[in-house]
Amino acid sequence: MNIQEENLRLVPSVVLLSVLVGAALLTAGPITGETVRIFVQSTVPYGIIAIGLYPVMIGKHIDLSQFAIADLIGALIIVGINTQLPIAMIIPLVLLLGALIGLVNGIVVARLRVHPILTTYCMSLIIKGVMFIITKGRLVYLDSLDFLQVGKSTILGIPTPVMTLLLCFAGVMYTVHLTILGRKIIATGSNGRASFFSGIRIDDVKIIAFMISGSCAALAGTMAVAASGSVATGLDLSVNLSAIVIVVLGGTDLLRKGNPLGLIFGLLLFWILERSLIQYGIDEHYQQLFKGIVLLMVILANNGFHQLLEVSRKRPGSADEQNQTLEHSR
Amino acid sequence: MIRLERIVKTFEHRLILDHIDLQLEKGKIHGIIGDNGAGKTVLVNILSGVYQPDQGTITIDGKPVRFSSPKDAIRAGIAAIHQETQIVGKLTVAENIIMGDRSGISRSTWFVSWKNMITESERILNQIHYPLDPHRLAETLNLGQQQILKVARAICSSPQVLIMDEPFTNLSEQEIKTFKEIITSMQSSGITIIYISHDTDDILRRCDTLTVLRDGQVIHSGPNSFLGSIPPIRELLPIQDAFKYPRVPTRPGRKILEITNLKTGRGVHDASLFLRKGEILGITGTLGSGKTGIIKALLGLERILQGTILLDGEPFTPKDPHHAFSHRIGYLPEDIRKDWLHEDMPFSHNLTMSNLHELHGRMALHPELEAEAARRYITSLKIKVSRLDEHISQLSGGNKQKVAIAKLLFTDSRILILDEPTKYLDSSTRIDVYNLMSKCAGEGMAIIFISTDERELKGMCDRILVMKKGTCHNFFHRKETGRSFPLDLYTAPGEEPMGQSLNSPTRGSTPQRMESE
Amino acid sequence: MLADVRVKKIKEILLEYKHIDINTLSSLLSVSMATIRRDLDKLEQESFLVRAHGGAFLNDPAVDEVQLSGSEDPYAQQKREIGILASALIDDNDIIFIGGGVTCLQIAKHVKNKKHVTIITNNVNILTELASNTEISLKAVGGDLEVVDQCLTMAGDISLETLSHMYFNKSFVTVDAIDLDNGYFTNSPQQGKIIRLLQKNSDDLLIVADYTKFGKRAFSYVGELLMTRKIVTNIDLSESYKKQLFESGFQLYMTFDNQ
C-alpha cells in the first residue's frame, strides 16, 4: 500500500469534518476571539495526549494512564507554583516525572509481561490515589494567575498552547517516521517476534514508547493548568478514551500502522465535534450521548470505506496466492 | 469411487480450474503434480469443501454431492491436511485432535467428556505410532510435531479419503519415514489417498495414479506407469541428486567460532564444534536432537550451563539476538513469516530492519540510501517486486525467502546461520539460494546450514555434524576432492567432533576468495 | 519479408555475431538459400561483409586485430562474472581445457592463486592473455583459424587430432544456444566437433554460457542436453529453465549481478 492509498483512507473523516465545519458555521452565533481562544486552549491537552499515544498504539499497545498523569502533573504544578518554586524548575521536573511514570508502565508491560490495559489502568488508579493524598480530594487552583499568561501568550504570532501542540506533533512524527527508534517501534508493532529475531531489543522499544506517552501526558497537564488555572480530581476513564478515539479516527487503529495526516484529521474532527455540539446548544446532558453516536458512525463509515479500498486493491494473483488470502480471511 | 466432472473455478474473473475431470478409485494413492499456480491447491480445496466449484459436479459412488463447508466434506468421509497450519496453539494436543469431531467421545451436543477425549486422542496417536502427550499445549510443539498433529486430527473422523497437501514440508528425514509408513498402512486399510507434493520423485515412487495439472487444466491423468513421458528430460536419466548442488569449493580459513562442551538448560547436553571462514558446516538431526539448541545458545535464547563459546578466540556469552548481530552473527529463522519478516511493512523496510544504522544520516534515516540498498538486492538476487514499498505479504513464497536472505546479507554478518533456508521453496528459488550460499562462502563468510535434507547437506557442506539426543553424534568431513559423505548420515560411523583435524588444519590458512573487483 | 528489411536484419546479425553461414541465415529469416546468397552478394558490393564459402564475415577492421571489439558487447559484464565463477572451479594440479569465445577468455583472465595448473586452449586470445603468467603451464592447440564470439580460435582436423591424444580434468567450453528439448548448438560446426571430442576426453565438461543463450537454437547441433550436467550461467536465467535443469540433476552454477 502506498501513501496515496493511505491518504484515501482519510476520505470519510475529511467528508465528515467538512460537513461539521459547514454545520458549525451555518448555525454559529457570534464567534468571538475570546471564545475561540478558550475553546482551543481547553482542547490542546487532548491533542497532546493523542500525539503521545500515537507511538504506543503503533507498537500495538495502549496507555490508559495518560489523563491521570496529566491531572497529577497539573496538581503538582499548582502546588509548586503556590509554594513559590520557579516555573523554570517545575516544568522540567514534571516532564521528567511523566517520563518516569511511563518508564514504570513500560517496564511492567515489557519486562513483567502484564497486559498494557491492566498495567496502565492500575497505574492510573495509583496516580489518582496519590493525587487524592496531595489535594485531599479538593479542587486545587493557582493562588496567583501569572501562569495563565503563558496560555494567553503567543510565539511567532501563534498562541503558545497551539505552538506547543505543533512542536509536540512534529517531534513525535519525526521520531516515529524518520528515526531508527521510530522504525523499530513500527516493526515491533508489526511483528514482535520477527523484530526480536531481527536484533531489535523490543522491550526497550516498548519502554521508550511508554516514556514518550508519559512525557506528552505531563506536557498536556501543564497546558491544562495554563488554560484553566485549576485541576479537579475525579476525571474518569471516558476522558482518556477520547484520546484513543482521536488516534483511532486518524487511521492508527489497533491493527494498522499509523498515518501522521490522520492524526491531524482526527484531532480536528474531535475539536469540531465538541465545538459544534456546544454551538447547536445541545443540552450538556445529551452531549455525551450525541458524541458517542457520531463517533461510532464515523468509525463505522471509516471501516466500510477501508473494506471497499481493500477489495478494489486486490489484484488477481496466482491461484495459490488467492488461496492464501482466502484462507487467511476465513 | 469419487468422480469430478467439468469442474470450473474462477477467482475474480481469473480462470483457476478449467473444466477438470478426475476419477479417484478407492484404496489407491493418487498423486497430483503441477507448477505453482497450476491449481493443485484449489482443486483439493474444492474436494475438501473449502471452496465451492462455479460449475461441475462431484459424485461419490455415483451419488452427486455438494459441500458447502469442510464439515460437509468430513461427513462425506473426505479429510484434508492443508498447507496452512490450522493448529490452535492455546489448546492441548487432545483438543486439537478431537476438534470438529466430537461424535466418538460425547453423548451430549454441548458438553465434552475430557476423559473420553484423552483416551480417544491417545488411541489415534497410537494408530500412527507417534507418541505425543495429549495434555501438552499445541503451541509448545515444533512445526514437525504440529504436522503430525494435523494428520492425527484428519484421521480422527475415520475418513474414506485423505487429502495431503505437501505433507512432508516440516518433517525431518526420520519423521518422513514414519509418515510414509503411515501412508502405506492407511492405504492397505482401504483409505483413498490424494497426495500433492513438490517432491515429484516421491510422487512417482509412491502413487498408483497420477494427475498433472498445468494452468488449471489436466494435461495427463492415468496410471503412474505412463509418467516417464511427462517432463521431456526426466525420462532420459536416473537423477543423480548428490551431484546437482552448485557448491564452488573454497579453502577454509582461520577458525572463527569454537564451541566446546556446550550444555544448555534444554536440549543440548554436550556439544562441541568449530567453524572456519569460508566453509559451510551442516548441522542435522531429528526433532529434539539438539540441533536448534546449539543455535539458540548462540543467540542467547538458552541459558548456557557449561562450556565455552569462543568467537575469534575471545570468549563470547551471547545475551540476545541483538547482541549476536552486533558481533556479526546473523541468524535466519526457519519460519520467516513468523520470526523474520514484517508482512505488513514495505519490502525496503524489511530489507534494512536488522541494520538500520547503515541508513542513518546525521539527523534521520536516509530514504535514498534505503532505496539504493533495496534496488541493489533486487537486481543482484532478482527479487520480483513491483515497487520498493510493496508490502511483503504481496510477494510469493520464493520471493519472500529471497527478501529474508537479502535482509540477512544486509547485516554484513560474517557468520550466517541458516535454519532450513530451502524448505518451502520450489526448485528455481532453491538453486538461487544454493548459489548464493556458495558465493557467500567464497567471499569468506562462515555458514552454519541447518537442514534435515541429507542430499542438500551432502551437496553443499564441507563438514556435516549429526546431532543425537543433545550430543554431537557424528562428524563428517568432505575429502579434498569429490563427495565422500556416506550414503546414510544417521547410521554411518563418523569422525569424532574434536579430533585431530581440529589441532592440525590440513589446509592453508587463507581463504580463497572469489575475485570480484 | 521485404528485401530491405531482410538486408537490415542480416546486417544486425552480422554485427552481433561477426560471421554467419547461409544455412543459419536462411532458417533464421525463413527465406531460401538462393535469396540469402543474393543478399550477401549485394552486401559484399557495399563492402559490409566478406563472402567465404558457405557464409560471410563482417568486414570489420576490428576483426583484423587480435583483440576483437568487446566493449560493445551488451553482455560483457555477465560473461566476465561467469568467467570469475568458472575460474573458481579450477583446483590445484588440474589439467584443463579452455575453448573459444569471450566467456572462456574471461575464465583464463581470472585464473589466479592456483598451483600447478596446466591449461590447454585453442583460443588465441587466451594464449596472449596468459603468455606472461609463469605460474601456469600453457599449451596451444593448432588448426584452422576461425572467429568464435570475438575470439580467434583454432578448429578443424588438426585441432581434433591434437586433442584426441589428451585427457583433461575439466574442460570449459561455450556454446551459442541451449535448448531443453534439443540440447546444445554452436554457430560453427567445427567447434561442435571439438566439444563432442572433449566430452570423451574429460572428467568434467563444463558449459559456460550467459543466460541469453538459453531457449534458442543455432546452426550446428553439438549434442543432447545430457552430454554434460554442469553449466555456469547467470542468475537471470528464466525460472522454468532453472527448475527443469535442477530437477534433472544439473549442477547449475550461477553468478549474481555485482553492481
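If B:L43 meets every condition in (1) touching a strand residue (DSSP E or B) at 6+ places or on another chain (Cβ under 7 Å); (2) more than 17 Å from B:H82 (Cβ to Cβ) apart from one, which number is that one? Checking B:L43 against (1) touching a strand residue (DSSP E or B) at 6+ places or on another chain (Cβ under 7 Å); (2) more than 17 Å from B:H82 (Cβ to Cβ), the one that fails is (2).
Taken over the stretch B:383-423, the criterion of being under 23 Å from B:D453 (Cβ atoms), within 14 Å of chain C (Cβ to nearest Cβ) and not in a helix (DSSP H, G or I) is satisfied by B:S396, B:T422. For a quick check of your reading of the model, give me the residue pairs whose first member lies in the stretch B:140-168 and is at positive phi and touching a residue at least 24 places away in the same chain (Cβ under 8 Å), whose second is buried (at least 20 other Cβ atoms within 10 Å of the Cβ) and of a type in the set (A, V, I, L, M), with beta-carbon atoms closer than 8 Å and at least 6 apart or on different chains. Listed by first residue and then by second, the contacts come to B:E166/B:I196.
Selection over the stretch C:1-37 of residues that are surrounded by 15 or more Cβ atoms within 10 Å (Cβ to Cβ) and free of Cβ contacts under 8 Å to residues at least 40 places away in the same chain gives a count of 15. Restricting the stretch C:212-222 to residues that are assigned to a strand (DSSP E or B) and not small (G, A, S) leaves a set whose member that is surrounded by the fewest Cβ atoms within 10 Å (Cβ to Cβ) is C:Y221.
Against the numbered list (1) within 11 Å of chain A (Cβ to nearest Cβ); (2) in contact with a Phe, Trp or Tyr (Cβ under 8 Å, 6 or more places away or on another chain); (3) part of a strand (DSSP E or B), B:L17 comes up short only at (2). Considering the stretch B:298-381, the qualifying helices (runs of 4 or more DSSP H), each wholly inside and each with 2 or more residues that are more than 7 Å from every other protein chain (Cβ to nearest Cβ) and among the polar types (S, T, N, Q), run over B:347-352.
Any residue that is assigned to a helix (DSSP H, G or I), more than 18 Å from the chain's Cα centre (by Cα) and within 26 Å of A:L178 (Cα to Cα) - is there at least one of those in the stretch A:113-131? Checked the stretch A:113-131: no residue is assigned to a helix (DSSP H, G or I), more than 18 Å from the chain's Cα centre (by Cα) and within 26 Å of A:L178 (Cα to Cα). Considering only the stretch B:296-306, I want to know if a residue exists there that is modelled with pLDDT under 85, among the hydrophobic types (A, V, I, L, M, F, W, C) and surrounded by fewer than 19 Cβ atoms within 10 Å (Cβ to Cβ). The answer is no, given that none of the residues of the stretch B:296-306 is modelled with pLDDT under 85, among the hydrophobic types (A, V, I, L, M, F, W, C) and surrounded by fewer than 19 Cβ atoms within 10 Å (Cβ to Cβ). Please tell me if B:I336 is under 26 Å from the mean Cα position of the chain (by Cα) and more than 30 Å from A:L178 (Cα to Cα). The answer is no for B:I336.
Counting only residues that are in contact with a strand residue (DSSP E or B) (Cβ under 8 Å, 6 or more places away or on another chain) and touching a residue at least 40 places away in the same chain (Cβ under 8 Å), the stretch B:342-363 holds 6 of them. Annotation: of all residues in the stretch C:111-123 being of a type in the set (A, V, I, L, M, F, W, C) and either more than 16 Å from C:G142 (Cβ to Cβ) or in contact with a Cys (Cβ under 7 Å, 6 or more places away or on another chain) (or both), the one that is surrounded by the fewest Cβ atoms within 10 Å (Cβ to Cβ) is C:V117. The residue that is farthest from C:Q78 (Cα to Cα), counting only those in the stretch C:223-254 that are part of a strand (DSSP E or B) and either more than 8 Å from every other protein chain (Cβ to nearest Cβ) or in contact with a His (Cβ under 9 Å, 6 or more places away or on another chain) (or both), is C:G223. Of all residues in the stretch C:113-143, exactly one satisfies the criterion of being under 18 Å from C:L89 (Cα atoms) and acidic (D, E), namely C:E135. When you scan the stretch C:176-193, do you find a residue that is under 30 Å from B:A441 (Cα atoms) and at pLDDT 90 or above, even just one? The answer is yes; a qualifying residue exists.
The values are calculated or read from the model by the stated rules, or taken from the named source; none is laboratory data. Quantities reported herein were computed from a predicted structural model and do not represent experimental measurements. All Cβ positions, glycine included, derive from the backbone under ideal geometry; neighbour counts span all protein chains shown.
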